[in-house]
Each structure stands twice: as C-alpha cells, then as structure tokens.
1. Carbon and sulfur atoms: what percent of the 1.4 Å accessible area of segment 24-117 do they account for?
2. Efficiency by 1/(1 + (r/R0)^6): what FRET value for ALA101 and ARG81, r their Cβ-Cβ distance, R0 = 25 Å, to the nearest 0.05?
3. Between segment 96-122 and segment 1-33, what is the separation of their alpha carbon centroids in Å?
4. Match the structure shown to one of the listed values (1) 40, 39, 31; (2) 44, 32, 27; (3) 66, 31, 25 of Cα extents along the principal axes in Å, computed from it, and give that label.
5. Keeping all protein chains in position, work out how much accessible area PHE35 exposes to a 1.4 Å probe, and write it in Å² to the nearest 10.
6. Under 18 Å Cα-Cα from LYS2, which aspartates and glutamates qualify once same-chain neighbours fewer than 8 residues away are excluded?
7. Segment 63-118: D in µm²/s via Stokes-Einstein (Kirkwood Rh, Cα pairs, 25 °C, 0.890 mPa s)?
8. Enter the accessible area per residue of the chain (Å², integer; probe 1.4 Å; all protein chains in place).
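The values are calculated or read from the model by the stated rules, or taken from the named source; none is laboratory data. Remember, predicted model here, so these are calculated numbers, not experimental data. Virtual Cβ from ideal backbone geometry, glycine too; neighbours counted across all protein chains shown. Areas reflect the complete protein model, heavy atoms only, side chains present, ligands, DNA and RNA absent. Shrake-Rupley method; radii C 1.70, N 1.55, O 1.52, S 1.80 Å.
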Amino acid sequence: MKKVYAREDVCIGCRLCEIACIVEHSISKDIIRAFKQEEKRPARNVVEECGPVSFSVHCRHCDEPPCVQVCISGAMVKDPRTGRVRNIPEKCVGCWSCVMACPYGVIKRDTNQGKVIKCDLCPDRDLPACVSACPNEALLYEER
C-alpha cells in the first residue's frame with residue numbers, strides 16, 4: 001500500500017502541505033474561499049518543528065490500527081482491499097477515543113463538527129494534495 005513519507009532532510013517547514021490539505025478538504029476547493037469564507041477546519045497533517053529540523057506528520061494507516069480497535073461506534077475502519085484507515089463522519093459520536101489511542105497524534109478533533117478528521121490520502125486524487133504542494137519534494141507517496 002502506498003503511504004506518505006516525510007524526508008526531514010529537505011523539509012523547509014513552509015507548511016504548504018497543511019494549506020493544500022485544508023483547501024483539498026474544503027467545500028469550494030479554492031484557497032481564498034477556504035480561508036476567508038468557509039468554516040475553519042484543521043489540516044489533516046501537521047508540520048512538526050524542532051530547531052532546524054521539520055517534517056510533516058501524517059496518518060500511518062497502520063497494519064493493526066489502534067484507532068479502529070478502540071472506536072466504539074464503528075466510525076474508524078480499515079479498508080481490507082486498499083489498507084487505508086478512514087473515518088466515517090456519519091458514524092462518529094465524538095468520543096475522541098481514537099485521538100487518545102493514536103500513537104502518532106495524527107487524528108484531530110474537529111470541534112466545529114464534534115467529529116474527528118484524519119488523513120484520507122485524498123482518495124479522489126492520484127497524488128495526495130500535500131505531496132503535490134511540497135516545493136522541495138520532502139513528501140513522497142510510495143510503497144515501501
């Protein structure tokens with residue numbers, strides 16, 4: 001299964017991956033409207049910085065995802081065919097169990113909706129938006 005991998009040696013911490021994620025998951029898919037007119041939502045990835053080192057952190061789409069195991073409503077599911085871990089917002093009850101169970105801290109609370117959001121690898125695209133937006137190719141989408 002293809003996943004997003006970060007190359008911290010070339011990441012410059014520009015956060016364009018976060019912006020691309022927010023725009024891709026916005027209603028309008030337009031950067032101005034997404035930031036000026038639509039309800040603010042967090043990015044599904046986050047850039048971590050420690051001194052000169054920075055890199056984007058994403059869902060690892062674990063082989064045995066703890067978030068799926070603890071989800072009380074069945075909103076977190078792993079697709080057996082693709083290996084992607086996704087959430088079904090209609091089923092999410094906002095208990096935040098998956099947020100606490102994720103060892104990588106990549107499941108975010110969308111307090112406006114009372115649901116969780118996480119990286120879905122942009123299923124309608126060939127290449128996730130964050131990877132496409134990275135000017136230094138610090139994000140790779142590949143199978144290892």
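1. That fraction is 53 percent.
2. Computed FRET efficiency for ALA101 and ARG81: 0.60.
3. 16
4. (1)
5. 80
6. ASP63, GLU64, ASP79, ASP120, ASP124, ASP126, GLU137, GLU142, GLU143
7. Here the translational diffusion coefficient equals 220 µm²/s.
8. I get 58 Å² per residue for the chain.
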